[in-house]
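Report on the structure given below.
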Amino acid sequence: MKQESLESYRKKRDFSITSEPQGKIDYPDELISDKQIFVVQKHASRNLHYDLRLEVGGILRSWAVPKGPSLNPKDKRLAIATEDHPLEYARFEGTIPKGQYGAGTVIVWDMGTYRNMTMKDGQVIDINQALNNGHTSIWLEGKKLKGGYAITRTGRGWILVKMRDENVDETQDILKADPRSALSGRTIGELAEN
Ligand code: MN
(Lines give C-alpha, C1' and ligand atoms only; values in the text may rest on other atoms or scores of the structure.)
Protein backbone atom coordinates (compact mmCIF):
# COMPACT_ATOMS: atom_id res chain seq x y z
CA MET A 1 0.00 0.00 0.00
CA LYS A 2 2.80 2.41 0.92
CA GLN A 3 4.69 1.70 -2.28
CA GLU A 4 1.52 2.05 -4.35
CA SER A 5 0.89 5.46 -2.85
CA LEU A 6 4.31 6.58 -4.16
CA GLU A 7 3.45 5.68 -7.75
CA SER A 8 2.27 9.17 -8.58
CA TYR A 9 5.42 10.67 -6.97
CA ARG A 10 7.69 8.44 -9.06
CA LYS A 11 5.85 8.97 -12.33
CA LYS A 12 6.37 12.72 -12.12
CA ARG A 13 10.15 12.48 -11.74
CA ASP A 14 13.16 11.25 -13.71
CA PHE A 15 15.55 9.97 -11.03
CA SER A 16 18.43 9.84 -13.49
CA ILE A 17 18.23 13.65 -13.56
CA THR A 18 16.86 14.88 -10.22
CA SER A 19 18.65 14.19 -6.93
CA GLU A 20 15.36 13.75 -5.06
CA PRO A 21 15.00 10.35 -3.31
CA GLN A 22 13.23 7.57 -5.15
CA GLY A 23 11.89 6.21 -1.89
CA LYS A 24 13.38 2.77 -1.82
CA ILE A 25 12.69 2.06 1.81
CA ASP A 26 9.39 0.40 2.58
CA TYR A 27 9.41 0.34 6.35
CA PRO A 28 7.72 -2.62 8.02
CA ASP A 29 4.65 -1.47 9.95
CA GLU A 30 6.12 -2.53 13.30
CA LEU A 31 9.03 -0.11 12.85
CA ILE A 32 6.81 2.91 12.37
CA SER A 33 7.01 4.85 15.63
CA ASP A 34 4.08 6.63 17.26
CA LYS A 35 6.13 9.83 17.32
CA GLN A 36 5.89 10.72 13.71
CA ILE A 37 7.91 13.24 11.78
CA PHE A 38 6.78 16.36 10.03
CA VAL A 39 8.66 18.70 7.75
CA VAL A 40 7.99 22.04 6.11
CA GLN A 41 10.08 22.53 2.99
CA LYS A 42 10.52 25.93 1.39
CA HIS A 43 10.42 25.43 -2.36
CA ALA A 44 11.37 28.12 -4.85
CA SER A 45 9.77 26.62 -7.94
CA ARG A 46 7.83 28.72 -10.44
CA ASN A 47 5.96 30.11 -7.45
CA LEU A 48 7.65 30.19 -4.05
CA HIS A 49 5.67 28.02 -1.62
CA TYR A 50 6.02 25.85 1.44
CA ASP A 51 5.36 22.09 1.44
CA LEU A 52 3.91 20.63 4.63
CA ARG A 53 4.51 16.89 4.97
CA LEU A 54 3.27 14.57 7.73
CA GLU A 55 4.45 11.02 8.29
CA VAL A 56 1.36 8.83 8.04
CA GLY A 57 1.70 5.04 7.73
CA GLY A 58 5.24 5.06 6.36
CA ILE A 59 4.87 7.78 3.74
CA LEU A 60 4.65 11.57 3.84
CA ARG A 61 1.18 13.00 3.25
CA SER A 62 1.82 16.34 1.56
CA TRP A 63 0.28 19.75 0.99
CA ALA A 64 1.61 22.78 -0.88
CA VAL A 65 0.95 25.89 1.20
CA PRO A 66 1.40 28.95 -1.05
CA LYS A 67 1.59 31.47 1.82
CA GLY A 68 3.29 29.13 4.30
CA PRO A 69 2.39 28.37 7.92
CA SER A 70 1.61 31.13 10.41
CA LEU A 71 1.77 31.58 14.19
CA ASN A 72 -1.40 33.68 14.04
CA PRO A 73 -4.75 31.84 14.44
CA LYS A 74 -6.42 34.54 12.31
CA ASP A 75 -4.47 33.41 9.23
CA LYS A 76 -6.27 30.73 7.26
CA ARG A 77 -3.65 29.32 4.93
CA LEU A 78 -4.74 27.46 1.82
CA ALA A 79 -3.06 24.03 1.62
CA ILE A 80 -3.29 22.14 -1.66
CA ALA A 81 -3.03 18.36 -1.28
CA THR A 82 -0.20 16.93 -3.40
CA GLU A 83 1.10 13.43 -4.04
CA ASP A 84 2.46 11.29 -1.18
CA HIS A 85 6.24 11.53 -0.83
CA PRO A 86 8.69 8.91 0.48
CA LEU A 87 9.86 9.31 4.09
CA GLU A 88 13.41 10.04 2.93
CA TYR A 89 12.13 13.23 1.32
CA ALA A 90 11.92 14.83 4.78
CA ARG A 91 15.68 15.47 4.63
CA PHE A 92 15.87 16.51 1.01
CA GLU A 93 17.54 19.82 0.23
CA GLY A 94 18.84 20.70 -3.17
CA THR A 95 18.04 22.12 -6.56
CA ILE A 96 15.67 20.18 -8.81
CA PRO A 97 17.03 20.69 -12.35
CA LYS A 98 15.29 22.83 -14.96
CA GLY A 99 12.70 20.93 -16.95
CA GLN A 100 12.05 18.49 -14.09
CA TYR A 101 8.84 18.37 -12.04
CA GLY A 102 9.02 21.09 -9.37
CA ALA A 103 12.23 22.54 -10.79
CA GLY A 104 13.82 24.93 -8.31
CA THR A 105 15.57 24.95 -4.94
CA VAL A 106 14.26 23.23 -1.80
CA ILE A 107 15.35 23.74 1.81
CA VAL A 108 14.07 22.10 4.99
CA TRP A 109 12.55 25.18 6.55
CA ASP A 110 11.31 23.34 9.64
CA MET A 111 11.42 19.78 10.92
CA GLY A 112 10.43 17.83 14.01
CA THR A 113 7.84 15.44 15.31
CA TYR A 114 4.10 15.73 15.69
CA ARG A 115 1.37 14.07 17.70
CA ASN A 116 -2.08 13.44 16.38
CA MET A 117 -4.65 14.92 18.75
CA THR A 118 -7.76 14.61 16.64
CA MET A 119 -10.64 13.76 18.97
CA LYS A 120 -14.24 12.79 18.43
CA ASP A 121 -16.65 11.95 21.25
CA GLY A 122 -13.74 11.83 23.70
CA GLN A 123 -11.78 9.35 21.58
CA VAL A 124 -8.59 9.90 19.59
CA ILE A 125 -9.21 9.31 15.90
CA ASP A 126 -6.46 7.59 13.90
CA ILE A 127 -4.60 10.18 11.79
CA ASN A 128 -5.29 8.37 8.54
CA GLN A 129 -8.99 8.19 9.37
CA ALA A 130 -8.98 11.82 10.48
CA LEU A 131 -7.48 12.93 7.16
CA ASN A 132 -9.96 10.80 5.23
CA ASN A 133 -12.73 12.48 7.26
CA GLY A 134 -11.30 15.86 6.25
CA HIS A 135 -10.22 17.20 9.62
CA THR A 136 -7.23 16.67 11.88
CA SER A 137 -5.65 18.47 14.83
CA ILE A 138 -1.94 17.97 15.38
CA TRP A 139 0.62 19.12 17.93
CA LEU A 140 3.92 20.12 16.33
CA GLU A 141 7.26 19.92 18.06
CA GLY A 142 9.44 21.51 15.42
CA LYS A 143 12.46 23.78 15.62
CA LYS A 144 10.28 26.75 14.61
CA LEU A 145 6.66 25.65 14.62
CA LYS A 146 5.27 24.47 17.93
CA GLY A 147 1.85 23.71 19.31
CA GLY A 148 -1.52 22.96 17.81
CA TYR A 149 -2.48 23.24 14.16
CA ALA A 150 -5.74 22.26 12.50
CA ILE A 151 -5.89 20.97 8.93
CA THR A 152 -9.38 20.97 7.46
CA ARG A 153 -10.71 20.09 4.03
CA THR A 154 -13.08 22.64 2.52
CA GLY A 155 -14.82 22.97 -0.82
CA ARG A 156 -11.83 24.80 -2.28
CA GLY A 157 -8.90 22.88 -0.80
CA TRP A 158 -7.52 22.33 2.68
CA ILE A 159 -6.98 25.09 5.22
CA LEU A 160 -4.09 25.17 7.71
CA VAL A 161 -4.72 27.21 10.86
CA LYS A 162 -2.76 27.75 14.08
CA MET A 163 -4.78 26.74 17.13
CA ARG A 164 -4.90 28.98 20.20
CA ASP A 165 -2.25 28.00 22.73
CA GLU A 166 0.87 29.44 24.37
CA ASN A 167 2.73 29.27 21.04
CA VAL A 168 0.59 31.86 19.29
CA ASP A 169 2.44 34.97 18.08
CA GLU A 170 0.33 37.55 16.28
CA THR A 171 3.12 40.10 16.00
CA GLN A 172 5.75 38.50 13.80
CA ASP A 173 5.88 36.74 10.44
CA ILE A 174 8.04 33.72 11.23
CA LEU A 175 8.65 33.06 7.53
CA LYS A 176 10.47 36.40 7.25
CA ALA A 177 11.95 36.35 10.76
CA ASP A 178 13.54 32.95 10.24
CA PRO A 179 14.08 32.14 6.56
CA ARG A 180 16.97 29.68 7.02
CA SER A 181 17.00 25.91 6.77
CA ALA A 182 16.42 24.09 10.06
CA LEU A 183 18.71 21.37 8.71
CA SER A 184 21.69 23.18 7.16
CA GLY A 185 21.24 26.78 8.28
CA ARG A 186 21.29 27.92 4.67
CA THR A 187 18.84 30.16 2.84
CA ILE A 188 17.30 29.24 -0.52
CA GLY A 189 19.69 31.69 -2.17
CA GLU A 190 22.79 30.27 -0.45
CA LEU A 191 21.84 26.70 -1.39
CA ALA A 192 21.01 27.64 -4.97
CA GLU A 193 24.50 29.10 -5.47
CA ASN A 194 26.17 25.73 -4.84
MN1 MN B 1 6.69 21.97 -3.68
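The values are calculated or read from the model by the stated rules, or taken from the named source; none is laboratory data. Just so it is clear, the structure is predicted and the values come from calculations on it, not from any experiment. Note that each Cβ is placed from the backbone with ideal geometry, even for glycine, and that neighbours are counted across all protein chains shown. SASA here: full protein model, heavy atoms, side chains in, ligands and nucleic acids out. Shrake-Rupley method; radii C 1.70, N 1.55, O 1.52, S 1.80 Å.
For region 3-193, the Cβ-based charge dipole about the Cα centre amounts to some 680 debye (Lys, Arg positive; Asp, Glu negative; other atoms uncharged). Build a GNM of the chain with springs between Cα atoms under 10 Å apart, and of Met119, Met163, Met111 the one that fluctuates most is Met119. Its alpha carbons give the chain an Rg and a Dmax of 16.2, 52 Å. Projecting label points 7 angstrom from Cα along Cα→Cβ for Asn133 and Glu193 puts them 4.9 nm apart. In the chain, taking the dipole from charged Cβ atoms about the Cα centre, the farthest positive-side position among Thr18, Met117, Gly57 is held by Thr18.
Counting trypsin sites (Lys or Arg not before Pro) as exposed when in a DSSP loop with at most 11 other beta carbons within 10 Å, what is the longest stretch of the chain free of them? Free of exposed loop sites, the longest segment is 99-155. Computed with a 1.4 Å probe over protein heavy atoms only, the accessible area of His49 comes to about 30 Å². Extension gain, Arg46-Asp178: 0.36 nm per intervening residue step, less the Cα-Cα distance, totals 45.3 nm.
Taking Val39, Val168, Val106 in turn, the Gaussian network model of the chain (Cα-Cα springs below 10 Å) assigns the largest fluctuation to Val168. The stretch between Lys67 and Met117 holds 15.6 nm of extra length on full extension. This uses 0.36 nm per residue minus the Cα-Cα distance. In the chain, with Lys and Arg counted as +1 and Asp and Glu as -1 at Cβ, which of these residues, Ala90, Val40, Pro73, has the Cα nearest the positive end of the dipole, that is, farthest along it? Going by the charge dipole, the pick is Pro73. Thr113 contributes about 40 Å² of solvent-accessible surface, heavy atoms of the protein only, 1.4 Å probe.
If you run the Gaussian network model on the chain, springs between alpha carbon atoms under 10 Å, then out of Ala177, Ala64, Ala130 the most flexible one is Ala177. For Glu166 and Arg13, the FRET efficiency from 1/(1 + (r/R0)^6), where r spans their Cβ atoms and R0 equals 41 Å, is about 0.50.
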